[in-house]
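First the structure, in the form of structure tokens, and then the observations on it.
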Amino acid sequence: MNLFYYLRIMKKDNNEEIFPIVDEEGNIIGSATRGECHSGTKKLHPVVHLHLFDSEGRIYLQQRPLWKDIQPGKWDTAVGGHVDYGESVGDALRREVREELGITDFEPQFLLCYPFESEREKELVYVFKAVYDGEVLPSEELDGGRFWSIDEVLHSIGASILTPNFEQEFLKLKEIIKEL
């Protein structure tokens, strides 16, 4: 059995997870499963993103595992995750950062909120940044990660290395990133 096939059958997203369905202002108007949200229904559901920088101005990117249902194997925002039904955006951010990178002592700064739409889904993205120089311990949910220079990221845009969502978000935040 090849490794890709093994990973796809052994690990996969829980399609029965319950997400809140929200309006454009983030007000909860219902709920749906992950499977429903990612099946092309375009049910707007909230997610959190954390752009993690070190004090040298480099940005940490995670590599998505091959078993993920969306953008497998591509490099993405340091932390990205869904807000669970009944969970606040702040609690979801702290949970995702702890689960994905093993970090608990960070100070997130809210940057913006915007709707993102792909062929399969529509998300209301809450974007944060933090500067962190401690140890980063990527979980088994990821295929690792590393700090990238801003130039390295800019040269990778459009080369099918990074997720389209990250590329679009990074370009939106370019001015904020320059200020670090």
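So for each of 146-153, 133-140 I average, over its residues, the number of other beta carbons within 10 Å; can you give me the resulting order with the highest mean first?
Per-residue mean Cβ counts within 10 Å order the peptides as 146-153, 133-140.
At 7 Å along Cα-to-Cβ for each site, give me the label-to-label distance between Glu135 and Thr104 in nm.
According to this spin-label approximation, the distance is 1.4 nm.
What number, in percent, do you get for the relative contact order of the chain if the mean sequence gap of Cα pairs under 8 Å and at least 6 apart is divided by its residue count?
25 percent.
Per 0.36 nm of contour for each residue apart, how much would the distance between Ser118 and Ser88 grow if the chain were fully extended, relative to their Cα-Cα spacing?
Difference between extended and current length: 8.4 nm.
Where the convex hull is taken over the Cα atoms of the chain, what is its projected area averaged over directions, in nm²?
That works out to 10.3 nm², a quarter of the Cα hull's surface.
Just to be sure I understand the model, the point goes 7 Å from the Cα along the line to the Cβ. What's the resulting Thr41 to Leu171 distance in nm?
3.1
In deg cm²/dmol, rounded to 500, what helix-only [θ] at 222 nm does the chain give when every DSSP H run of at least 4 residues adds -39500 (n - 2.57) and the total is split over its residues?
-7500 deg cm²/dmol
Which residues in region 61-100 place their backbone N less than 14 Å from a point set 7 Å from the Cα of Ser31 along the Cα-to-Cβ direction?
83-88
By count of other Cβ within 10 Å, fewest leading, how are Tyr114, Tyr60 ordered?
Tyr114, Tyr60
Within region 3-178, how many Lys pairs sit with Cα atoms under 20 Å apart, leaving out pairs fewer than 8 places apart on the same chain?
Lysine pairs meeting both conditions in region 3-178 amount to 15.
Every number here is computed from the coordinates shown, using simple stated rules; none is lab data. From a predicted model like this one, the values you see are computed outputs, not experimental measurements. Cβ: placed from backbone, ideal geometry, glycine included. Neighbour counts: every protein chain shown.
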